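Take a look at the structure below.
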Amino acid sequence: MREYLLTLFVTAAVTYLLTGAVRRFAIAAGAMPEIRARDVHKEPTPRLGGLAMFGGLCAGLLISRHLPGMERVFTDSSDVQALMSGCALICLLGVIDDKWGVDAIIKLLGQALAAGIMVWQGIVILWLPIPGHGTYSLSPTQGAILTIAVVVITINAVNFVDGLDGLAAGMVCIGALAFFVYAYRLWFGYGIAEAAAPTMFTALLIGMCAGFLPHNLHPARIFMGDSGSMLIGLMLSAAAITLTGRIDPETIADLSGSQTFATHKLVPVYIPLILPFAVLIVPLLDLVMAVTRRGWAGRSPFAADKGHLHHRLLEIGHSHSRAVLIMYFWSGLIASFTVLISVRPARRPIVYAGLGFIALGLIVLLLPWFRPNVPKWLYAAVPPRYRGQGRRRASTEAEKDSDIAPESLEQPWPAPESDPRPVAGSGSRGRRGPL
């Protein structure tokens with residue numbers, strides 16, 4: 001675990017330090033597009049945050065190569081080379097889009113090309129574990145098509161949800177945390193060597209998101225842009241493929257001596273790629289709704305609009321920060337339920353109690369009109385909008401009960417009539433008087 005934590009912290013630190021320099025570079029390069037109708041920010045903000053995240057990824061891989069216990073990921077397979085090839089191409093495509101803009105079809109082809117390069121270098125789904133039917137081996141063509149489809153769908157799901165400050169980075173970080181816990185248990189709990197690569201990939205992904213988030217929280221000083229959103233989407237899909245498409249459920253059955261036990265432990269893997277889709281269920285749902293909405297209206301599925309889930313949360317009265325927290329809660333809740341399938345039954349009551357508190361907090365967040373009357377001694381621990389609610393309510397009620405009309409308070413006396421005589425210097429004919 002220490003090696004993974006060191007990799008995570010190095011990636012986060014380098015990403016955090018590089019983001020400030022990338023921000024200055026983006027401003028100098030003019031990577032600050034004009035505000036569009038669907039945007040929620042009020043002033044142009046630099047993009048290209050994906051460059052800092054890519055730099056953090058390179059630093060994390062460099063340090064992890066020399067750590068004991070992680071060297072075999074670099075020597076036993078070509079997964080790291082395949083990941084770096086795909087990430088470099090997708091980041092370059094995103095930089096071009098952030099600076100000059102790229103047509104949606106060209107962007108889609110670029111995403112498929114990046115996925116195809118990873119498939120060519122070895123990151124491919126080999127088989128699908130299907131409950132009750134065993135393992136279904138895929139032909140090279142079937143594996144390549146399914147892998148490219150998974151990568152492209154995941155990239156666009158993350159890209160679609162990147163509409164509020166800190167939203168995409170936070171949601172992917174939550175999903176990567178859940179994925180890391182599950183992959184780490186398979187790697188060190190059951191000794192499955194195929195889980196070593198996705199465990200390292202998710203540790204790198206957590207560090208990239210955690211290092212970028214302080215700069216991207218509301219009000220954001222820099223956006224990750226397509227160079228960042230497509231990059232983290234590609235990494236999450238690569239981790240899912242290297243875990244789900246490589247592990248044979250019969251391996252755990254042989255280790256445990258029980259097919260029932262193996263089935264219980266590998267439920268998230270039994271249904272093809274259910275874990276990454278579960279942790280991204282909110283952006284995937286948003287993706288499906290957006291495509292359906294635009295197709296029903298007779299528009300292109302790639303046409304941008306202002307009907308995403310985060311836009312709807314803002315419309316019903318939530319603040320920017322609260323809308324982001326609601327999306328975080330949904331992602332954390334679904335990801336936790338998915339990962340907890342592999343938790344021992346004796347521990348489930350405690351876990352479900354914790355999830356109950358999370359659900360209760362989510363209900364509170366869903367009430368945009370909820371404004372608690374916070375005492376003065378808690379002002380330092382609550383957001384500014386919750387401070388002084390009691391005083392404001394009292395002043396509002398006192399104003400309603402007052403006999404003095406608000407209009408009379410604003411303008412107690414009639415405005416003096418203007419002097420029709422010309423004022424000196426007020427126009428071309430204004431003069432001080434006769435010479």
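What follows draws every value from the coordinates through simple rules; no lab data is involved. Since the structure is predicted, the reported quantities are computational estimates derived from the model, not experimental observations. Every residue, glycine as well, gets a Cβ built from its backbone with ideal geometry; the counts of neighbours run over all protein chains shown.
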*Table column - 3J(HN,Hα) (Hz), segment 2-16, Karplus curve with 6.51, -1.76, 1.60, x for Gly and Pro*: 5, 5, 5, 5, 5, 4, 4, 5, 5, 4, 5, 5, 5, 4, 4
_Can you work out the Karplus-derived ³J(HN,Hα) for every residue in segment 63-78? Use 6.51 cos²θ - 1.76 cosθ + 1.60 with θ = phi - 60°, whole Hz, and x for glycine or proline._
6, 6, 5, 9, 9, x, x, 10, 5, 5, 5, 7, 9, 7, 8, 9
*In percent, what relative contact order does segment 2-258 have, based on Cα pairs under 8 Å that are 6 or more apart in sequence?*
30 percent
_Charges at C-beta only: +1 for Lys and Arg, -1 for Asp and Glu. How large is the resulting dipole of segment 63-146 about its Cα centre, in Debye rounded to 20?_
40 debye
*Give the relative contact order (percent, whole number) for segment 130-216; include only Cα pairs under 8 Å separated by 6+ residues.*
27 percent
*Cα atoms only, segment 2-258: Rg and Dmax in Å?*
18.4, 62
*List the residues whose amide H sits under 5 Å from the amide H of W127, counting only those 5 or more places along or on another chain, with H placed 1.01 Å from N in the peptide plane.*
L138
*With θ set to phi - 60° and the Karplus curve 6.51 cos²θ - 1.76 cosθ + 1.60, what are the ³J(HN,Hα) couplings of segment 113-119 in order, to the nearest whole Hz, using x for Gly and Pro?*
5, 4, 5, x, 5, 5, 5
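If packing is taken as the average count of other Cβ atoms within 10 Å, what order do 146-156, 160-170, 202-212, 15-25 fall into, highest mean first?
202-212, 160-170, 146-156, 15-25
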